[in-house]
Amino acid sequence: MSPDSQSRLPVCPLREVLNACSFAQKPDLDALDTSGLTNIQWRADRCSRSSLLCFQRFDDGRSDTEIIERYLLHSEFSALVINRPLDATQDQDARWAGASGPDAPRPDRLLQVGSGRTGSRQTGALQTEQLIGRPVFVTAPGAWSETLERLCDHFYPVRPAHWRIAGVTGTNGKTTTVKYLESILLAAGCRVLGIGTLGLTLNGQSLAETGFTSPPYIELRRILNDCRAQADTLVMEVSSHALHQGRVHGLRFAAAAWTNFSQDHLDYHGDEARYFAAKAMILEQLAEGVPLLTTSAEVEHRLRTERGPEVPVMRIAPPSLPAESTIGAPSDGAKSASLTANIDPVSSGDRTNNEPTSAVDFTKATNSTPSQAPELSAEALRASPFLALSYNRANYALACALATRLLGAEPPATWRALQPVPGRFDCYVYQQRTLVIDFAHTPDALENILGAIRAAFPGAGVLTLFGCGGDRDRAKRPLMGATVCRGSDQVILTSDNPRFEEPQAIADDVLAGMHACSTAPTVILDRVKAITALFDRLAERPSHEPWVAVIAGKGHEPYIDQNGFKRPYSDREQVLQNLRRLGWLG
């Protein structure tokens, strides 16, 4: 028997699978022909007439009328599984009344109400059984994740045990930690599938973009099924949304880490306490005896306070650096990322009296065993100058510890495998001008990168260009503005994925926190023009003055999201164009 066949689950008839699920409402399965349901989908627009659509409702303010009209009405699915009953109203019936043509839906056939009679015009909660004559299953409260797992076991029957899994959560640093880990494991000869903000990679090769930090559960199971023959180790970013929505349900992490915690995503979670609680759900994904690794004293302390002293969390210390280090070699062109930096040997504010101490065997470490990552050599720093940044050293320490747990032994010279992560402290240097592109888009991330730059370039001026995304946590906008003011000498405020908000309204929210700027911020909402203005400012300064310009917020993203469209755009391309315009490319 092949290893692949051993990892596959026995396939039961779909009718038996549905019978085993817990539904609050369901059609008569004995009268239902399930033979035509040959695929499972989570997106209504990807359905065919052979699709079973699993549609998850959220508390996002959308009415049932909007959900039905926007997603379900014109989808071709043959059966629907949903986590909440739909509530039809006379208002939505009125909207459908104007439809015409042989395929136009009839409002009196859209929903069957609790009485079971077609054509009822009742309002309020409806016990939905059919949507345009198609069977509708409503999962019982709390049964959504288990239902999806059973259904995916039918359509994608690969045992989770096929995969060695490492998961990384945290407000910032997930992508960098996962990419470092992926590089270390590949260098050790592992077959690795990587999933995260940068998309899918299989054994080091880019496969596809997903549009998610952590894909929805059905998509994740499809990916794992499709890649099972090419890889057996999965390293993935695990967002708070993914944990809260059950996107990693049933997966058991052989290694896991929590990078850090600060304010973000309050538009979804509501408040900071719920956001932390969602992150802490990663503890439920740990395999037996596996500790949750972190470099954050705050995360460790809060978990022990809220979950008890025996919570399986282990803090490690990032490698320290000498007081002064020379990074890289000189070069004439702006392609070089070389710099001479004054390095702060202490990680960004995470040290307490309960210090991590000596190195330990990560394969046997428990939650009571503090540890320290291997020291970083001068050779490693020259080869990987991005490790000069304290938060990158923290990410590196976690990646080393995760790799050690997965491999069963500490891999040698892990720094040799590392590569810069796209959009994470991408550097371009021309004489006394250093340009940095970074994905930082939270108050904490901005404070980290600006603090690291101040430490690494103590005599340089700092010019920061940033914006805030639309339709996201508004409370963090003035906080981001205040953070940039504290860490910068000059500021250009611009647009960053406004989505369906007015860019000027977003800027006004940010400006509310920028009263303490030493120099009044310049507002240029057109991001292309803003970056051009940034370069012009650098060119106008005396050539002997050292300046670091930070272009924050988008990093690797190849688009600007506005009014429902993602138009092509790249900070990196804009930087390269301006370097050529000024003759700063070697």
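The values are calculated or read from the model by the stated rules, or taken from the named source; none is laboratory data. Keep in mind the model is a prediction, meaning the values are calculated, not measured. Note that we place each Cβ from the backbone using ideal geometry, even for glycine, and neighbour counts take in every protein chain shown. The accessibility values were calculated without ligands, DNA or RNA, using every heavy atom of the protein model including side chains. Shrake-Rupley method; radii C 1.70, N 1.55, O 1.52, S 1.80 Å.
Structural remarks
- Packing around the peptides 205-211, 461-467, taken as the average count of other Cβ atoms within 10 Å per residue, puts them in this order, highest first: 461-467, 205-211.
- Among 144-154, 397-407, the order from most to least packed when residues are scored by Cβ within 10 Å on average: 397-407, 144-154
- Placing a label point 7 Å from the Cα of Arg274 along the Cα-to-Cβ direction, the residues of segment 220-255 whose backbone N falls under 19 Å of that point are 239-247.
- A simple spin-label model places the labels of Ala539 and Glu66 4.5 nm from each other, with each point 7 Å out along Cα-to-Cβ.
- Normalised contact order of segment 175-329, rounded percent, pairs of Cα under 8 Å and 6 or more residues apart: 17
- Mean Cβ neighbour count within 10 Å, used as a protection proxy, ranking 300-312, 74-86, 570-582 highest first: 74-86, 570-582, 300-312
- Rolling a 1.4 Å probe over the protein heavy atoms gives segment 376-423 an accessible area of 34 Å² per residue.
- Charged neighbours of Cys12, selected by a Cβ distance under 12 Å, balance to 0 (K, R count +1; D, E count -1).
- Cα pair count fraction exceeding 18 Å, expressed as % - segment 159-215: 32
- Atom-type composition of the exposed protein surface of segment 495-586 places 53 percent of the accessible area on carbon and sulfur (1.4 angstrom probe).
- Net length gained if the chain between Arg567 and Ala140 were fully extended (0.36 nm per residue, minus Cα distance): 149.6 nm
- Tyr559 - accessible surface, heavy atoms, 1.4 Å probe, Å² rounded to 10: 50
- Here the Kirkwood formula puts the hydrodynamic radius of segment 483-558 at 13.6 Å, using every distinct Cα pair.
- Cα coordinate range in segment 385-458, projected on the principal axes (Å, largest first): 44, 28, 22
- Summed residue charge, Cβ within 12 Å of Asn578's Cβ, Lys/Arg positive, Asp/Glu negative: +3
- Arg486-Asp33 FRET efficiency (beta carbon distance; Förster radius 56 Å; 0.05 resolution): 0.30
- Cross-link pairs beyond the 28 Å C-alpha cut-off, checked among Lys179/Lys529; Lys26/Lys174; Lys179/Lys554: Lys179/Lys529; Lys26/Lys174
- In Å², nearest 10: area of Tyr428 left accessible to a 1.4 Å probe: 20
- Cα-projected label distance for Asp508 with Gln419, points at 7 Å along beta-carbon direction, nm: 4.5
- Length released on extending from Ser518 to Gln431, taking residue separation times 0.36 nm less the Cα-Cα span: 28.7 nm
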